[in-house]
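Novice: If you scroll down you'll find the structure; I have some questions about it.
Coordinate-derived values only; no laboratory data. Every value quoted in this text rests on a predicted model; they were computed, and no experiment measured them. Using ideal geometry, Cβ is built from the backbone for each residue, glycine included, and neighbour counts are taken over all protein chains shown.
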Amino acid sequence: MRVPFVDLKAQYDAIKTEIDAAVASVIRESAFIGGPYLKAFEKDFAAYCGSKHALGVSNGTDALRLALLACGVGPGDDVITVPNTFIATAEAVSMTGASVRFVDVEEGSLNMDPGRLAAAITSRTRCIIPVHLYGRPADMDPVLDIARKAGLKVVADAAQAHGARYKGRGIARLGDAVCFSFYPGKNLGAYGDAGAVATDDPAIAEKVALLRDHGRLEKYEHRIEGFNCRMDGLQAAVLSVKLRSLEAWTEARRRIAGLYGSLLEGAPGLTLPPAEDRDSRSVYHLYVVRTDAREELRGHLAEAGVATGIHYPIPLHRQPAYARLGLPEGSFPAAEASARRILSLPMFPELTEEQTLHVCSEVRRCLERSRARSSVAVP
Ligand SMILES: Cc1ncc(COP(=O)(O)O)c(C=O)c1O
């Protein structure tokens, strides 16, 4: 049996009629940049987030960059984030002229460790970027508390966490600005690149609106120099259609995660994603297990037709791109240890029960064989 890592075609097949009609309308009306489809999506997405403003932009990386700039981040500043994220989180910091400063993660959740945050703050620190990795909310109360006491802004990276909740509150309102990616494989994915900034702060909303479109709100009146970071009408129209299914897709992801959890519980040497805190809701962008036998398991699953991923194999401080920071192995032990052991199993709303059972039985088969071999080897 073949089990892909994600299956965007299966999703399209389920909503084809509405998507095709929406795309045809945008083309018929030549509403390619900004315009009514963008406005409609922004209104719907802000309502979904429960935030006062949602601004559509070109991608999740630009959402972070513009949100940081709108928070006043620039040259001479430090911005704190985690090393076990997609490089875009750190790139966005560098693009503002600020410097990235890493803080380690909690061993269980793999999200920012608030216990280490205060010690990482310097006189140059201006902002903190917690990342809701894999769709699991970071521990935001202490992060927000530390930020408030130190007078710092919080720009959350929610690229993987549309619809996640933390202690009963939607994560889209936890922070001065919350940034989303609509990269096609994300929980809410466009048919190309797109992103959004959600915020309750009118000044941040206005600044992002200016920055994304050459510093203007009127056609040829440019209040500041900005960029071209606009979301196009086709993406907005597609996203409006897909947003209507997002909750159902999230519930499907959560059901699959539950099934994985019950079928994989007790598999030898396997660490499952941690249980959710009460009132919190992970949206399982990824289902990530951990094992010392990662390479063997990955190879075995590939042979059994199961595609897997590693998110992310090299922590950012060990990437050549950040060699300038001079951070040796051992700088962030929890992030480094997880990078050696993590494996992302297939996770998408259309994954069938039969496929999930196949993945789990192959995971167990491999790990049980591996355990039997090692118990023979040890006298
Ligand atoms: C955690 C994280 N941050 C930022 C991004 C950047 O988003 P985009 O690819 O839309 O620029 C992504 C997605 O790729 C991501 O997973």
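Novice: Please state which one of Ala31, Ala46 is closer than 25 Å to Glu218 by Cα and touching a strand residue (DSSP E or B) at 6+ places or on another chain (Cβ under 8 Å).
Specialist: Ala46
Novice: Considering every residue within the stretch 342-360, establish whether at least one is more than 24 Å from the chain's Cα centre (by Cα), assigned to a loop (DSSP other than H, G, I, E, B) and not small (Gly, Ala, Ser).
Specialist: no
Novice: Out of the stretch 311-337, which residues are buried (at least 17 other Cβ atoms within 10 Å of the Cβ) and either under 17 Å from the mean Cα position of the chain (by Cα) or under 22 Å from Ala252 (Cα atoms) (or both)?
Specialist: His311, Tyr312, Pro315, Leu316, Ala335
Novice: Out of the residues in the stretch 193-223 that are of a type in the set (Val, Ile, Thr) and within 16 Å of the ligand (Cβ to nearest atom), state the one that is nearest to Ala172 (Cα to Cα).
Specialist: Filtering first and then ranking leaves Val197.
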